[in-house]
Structures are given as structure tokens and as C-alpha cells.
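So the structure is just underneath, and the comments pick up after that.
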Amino acid sequence: RMIAMQARFAVACFNLGFVSALRLFGHKLVKRTGIFSVRIKKLKREFEFRGREDWGAMTHFYKPGYRIFDSSPNDKIRVIIDAGAHIGTETVGFRFFHPQATIISIEAERSNFEILRRNVGGDAKQILINAGLCNKNCKLRIRKGGVSNESFRVEQAELSVGNSDIDGVSLQHILSAHEISTIDILKLDIEGAEKLLFDETADS
């Protein structure tokens with residue numbers, strides 16, 4: 001167990017720097033609530049989180065993750081869509097590995113989106129969308145599927161006034177609105193709405 005903890009701390013040091021890794025592990029030990037931040041040394045920016053409410057997302061900084069490489073120096077990853085971006089842990093990882101890419105981060109739940117905006121906003125090649133990704137443009141209701149802020153899910157709302165929480169947008173709409181023809185990385189963590197996204201409309 002001690003060896004595993006040391007390994008996680010080493011990963012956090014690589015991702016955040018030694019001081020921020022210490023601060024992050026300190027938050028885990030005391031399990032405080034409220035708004036906190038750690039500095040991502042390699043990106044030279046602060047990253048906010050809501051104490052133990054966002055701890056599941058913050059584990060991304062101390063667990064070995066994944067990296068998708070460019071095909072070649074002349075064929076770089078240029079467009080990334082991070083759907084279900086939550087507070088932005090994956091978005092900042094994409095930005096570190098792909099500094100020239102346009103990243104579209106989509107998050108439905110408004111309080112998550114506000115933290116996401118503070119964490120990754122101010123980036124000229126970053127597009128933020130407060131909506132739910134769906135197979136068509138529609139109205140959605142947000143349901144909390146568990147105890148954490150990572151488990152919100154959406155469902156299509158009845159077409160009555162005041163019955164929806166947020167807009168649903170399709171991939172086709174996003175690509176058209178931003179004049180994008182190709183997606184290089186499509187990351188999806190949308191709590192079951194993947195099933196809708198990959199219906200017959202996905203062919204287009």
C-alpha cells in the first residue's frame with residue numbers, strides 16, 4: 001500500500017509539481033469542503049476544485065493516464081472534443097499534450113461548467129459549451145445519478161414551457177457552427193447518452 005501511494009505521489013509530482021502534489025494529497029487526507037486550487041506547474045495556471053466533492057476528478061492528476069500521439073510532425077492533432085468535461089481535468093491534459101489543438105469542452109451541469117470555465121477559460125483555442133451532447137438539438141433535463149458531481153446525466157425533456165434545464169446540441173450542429181470538418185479526438189463521458197449519440201444519425 002505504501003509503494004502504491006509513493007507511485008501515485010510520483011505521478012502527481014510529474015503532473016503538478018512537488019508543492020502542488022503535496023497540497024493535493026493534503027486535501028485528500030483532511031477531506032475538506034469548499035473551493036480550493038492547486039497550481040499546474042507545466043501549464044502555469046491554477047486549477048480549482050470543490051474539495052471532496054470533486055475528488056474523483058482530481059485523482060486524474062495522480063493516476064497514470066493516457067496519451068494520444070500525433071501521427072507525424074506534419075499530421076498533428078488539431079481538433080479535440082471533450083464531451084462530459086466536468087471541471088476540466090481531461091481538458092488540461094489534452095492542452096498540455098496538444099498545445100496547438102482547438103479543444104471544444106462540453107459540460108451540461110451549470111456548477112461544474114462554472115468551475116470548468118475558470119479552469120480552462122482565457123485560452124484562445126478553447127471553446128466552452130454549457131449544454132448536453134445529444135443526437136439532435138433539443139431540450140434536456142439534468143438528473144443526478146449518484147453522490148458525486150461526476151454522475152449527472154441528461155434526458156430529453158417534454159416540450160412544455162419551463163420543463164427543461166438545458167439545451168441539448170448535436171455533434172453535427174457543433175461542427176457546423178465552428179466550421180469543423182474533422183474530429184481528431186472525441187472523448188465521451190456523458191453518463192449513458194453515448195447510446196443516443198451513436199444511433200443512425202452518427203453515420204453523417
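First check a/c for the stretch 1-54, with a ≥ b ≥ c the square roots of the eigenvalues of its C-alpha gyration tensor; if it is under 1.5, answer rounded, and if not, answer prolate when a/b is larger than b/c or oblate otherwise. Judged from the Cα gyration tensor, the stretch 1-54 comes out oblate (a/c at least 1.5, b/c at or above a/b). Relative to the longest principal axis of the Cα atoms of the chain, the long axis of helix 110-120 makes an angle of roughly 60 degrees.
Carbon-plus-sulfur accessible fraction, the chain (probe radius 1.4 Å, protein heavy atoms only): 54%.
Sorted on the mean count of surrounding Cβ atoms within 10 Å across their residues, most packed first, peptides 77-84, 178-185 read 77-84, 178-185. Computing FRET efficiency as 1/(1 + (r/R0)^6) for D189 and I3, where r is the C-beta to C-beta distance and R0 is 22 Å, gives about 0.15. Label separation (V30 vs E46): 1.7 nm, computed from points 7 Å beyond Cα along the C-beta direction. A crude spin-label estimate for the pair T59 and E200, with each label 7 Å from Cα along the Cβ direction, gives 4.0 nm. Normalised by 2.2 N^0.38 Å, where N counts its residues, the alpha-carbon radius of gyration of the stretch 1-97 equals 1.15. Per-residue packing, averaged as other Cβ atoms within 10 Å, sorts the ranges 56-64, 109-117 into the order 109-117, 56-64, beginning with the highest. The angle separating the long axis of helix 18-30 from the principal Cα axis of greatest extent in the chain is about 80 degrees. The residues of the chain have, on average, 56 Å² of accessible surface per residue, using a 1.4 Å probe with all protein chains present.
Candidate values (1) 8, 30, 31, 18, 8, 3, 1, 0, 0; (2) 10, 36, 36, 16, 2, 0; (3) 8, 32, 35, 19, 6, 0 were compared with P(r) over Cα pairs in 10 Å bins from 0, in percent computed on the shown model; the agreeing label is (3).
Here the convex hull built on the C-alpha positions of the stretch 67-121 has a volume of 67 cubic angstrom per residue. Rounded to 0.05, the FRET efficiency of the C138 and Y66 pair, given R0 = 30 Å and the Cβ-Cβ distance, is 0.40.
Give me the extension gain from Q172 to E114: residue separation times 0.36 nm, minus the current Cα-Cα distance, reported in nm with one decimal. Stretched fully, the Q172-E114 segment lengthens by 18.4 nm. Axis angle, to the nearest 10 degrees, between helix 2-16 and the longest C-alpha principal axis of the chain: 70 degrees.
Over 21 Å between C-alpha atoms is what I'm after, so list which of K44/K76; K76/K187; K41/K63; K136/K195; K63/K195 land there.
Flagged as over cut-off: K44/K76; K63/K195.
Of L171, L140, L196, the order by accessible heavy-atom surface (1.4 Å probe, DNA, RNA and ligands excluded), from most exposed downward, is L196, L171, L140.
The values are calculated or read from the model by the stated rules, or taken from the named source; none is laboratory data. Computed from a prediction, not measured in an experiment: that's the story for all the values here. Neighbour counts are summed over all protein chains in view; Cβ atoms, including those assigned to glycine, are modelled from backbone coordinates with ideal geometry. The protein model used for the area step is the full one, side chains on, heavy atoms only, and it has no ligands, DNA or RNA in it. Shrake-Rupley method; radii C 1.70, N 1.55, O 1.52, S 1.80 Å.
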